[in-house]
């Protein structure tokens with residue numbers, strides 16, 4: 001079993017070295033698909049032994065699948081530049097490689113850091129993601145910008161011990177900017193797939209999301225940051241449906 005690590009980047013100079021160092025022990029090759037970063041991302045990646053390919057950004061799903069197309073090995077470890085394997089997860093992946101009888105896909109637990117605080121409750125508390133998989137049995141799908149690995153129907157992923165550490169946002173302002181950006185991307189993606197908005201969705205969908213994340217998923221136990229995460233997540237839902245509604249009106 002050989003593993004190709006694939007990472008898409010744009011101006012990730014503050015994160016990419018940490019990410020690459022964390023996968024160095026498990027990677028047989030590292031592919032970085034960079035969207036013409038204006039900082040030192042590409043240079044740092046090359047210094048860490050990665051193959052860097054420049055590509056204009058096509059969309060999160062499209063970019064990640066393109067990165068996989070450059071991989072020479074069947075097994076893909078697809079992670080983001082602001083993520084890193086912890087020691088236990090890296091060790092478990094190494095043991096799978098040595099055993100030589102891998103499953104077709106693996107779930108990992110993503111442990112999220114928000115503004116310096118590790119988040120233990122809310123919607124982010126059980127953030128399991130498929131990140132290690134055989135490229136012949138899975139590809140990136142979903143709806144931009146919230147991509148996910150879509151597996152063949154016959155594949156049942158196994159869960160790995162350890163954590164994929166994720167440094168999500170360094171500031172509330174950074175999160176707010178990303179909410180605005182992601183809402184617009186999602187609204188455009190929804191429009192392309194024929195999804196519709198309504199006054200009910202604009203008003204009630206963010207309310208349901210906030211109540212679910214903050215109360216039912218115990219986001220309030222993360223204190224101030226738990227409240228901020230739930231509120232900004234609800235805001236993204238609100239903006240997404242509001243923008244989608246506007247697109248529909250503009251077509252009339």
| remark: The correct count of residues that are in contact with a strand residue (DSSP E or B) (Cβ under 7 Å, 6 or more places away or on another chain), outside any strand (DSSP E or B) and within 21 Å of residue 181 (Cβ to Cβ) in region 120-154 is 1
| query | What number of residues within region 182-194 satisfy the criterion of being farther than 11 Å from residue 237 by Cα and either surrounded by 15 or more Cβ atoms within 10 Å (Cβ to Cβ) or not assigned by TED's automatic domain parsing to the domain that holds residue 231 (or both)? | reply | 5
| remark: Scanning region 1-23 for residues that are surrounded by fewer than 20 Cβ atoms within 10 Å (Cβ to Cβ) and either assigned to a helix (DSSP H, G or I) or over 20 Å from the mean Cα position of the chain (by Cα) (or both) gives 1, 2, 17, 18, 21
| Which of the residues that make up region 93-102 are out of contact with any helix residue (DSSP H, G or I) (no Cβ under 8 Å at 6 or more places or on another chain) and either touching a residue at least 12 places away in the same chain (Cβ under 8 Å) or not assigned by TED's automatic domain parsing to the domain that holds residue 68 (or both)? | 93, 94, 96, 97, 100
| said: Among the residues that make up region 243-251, is at least one of them over 25 Å from residue 105 (Cβ atoms) and assigned to a loop (DSSP other than H, G, I, E, B)? | reply: no
| message | Looking at (1) part of a strand (DSSP E or B); (2) farther than 29 Å from residue 133 by Cα, which one does residue 162 not meet, given that it meets all the others? | response | (2)
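The values are calculated or read from the model by the stated rules, or taken from the named source; none is laboratory data. Keep in mind that this is a model prediction, so the values were computed, not measured. Glycine also receives a Cβ, built like all others from the backbone with ideal geometry; neighbour counts cover every protein chain displayed.
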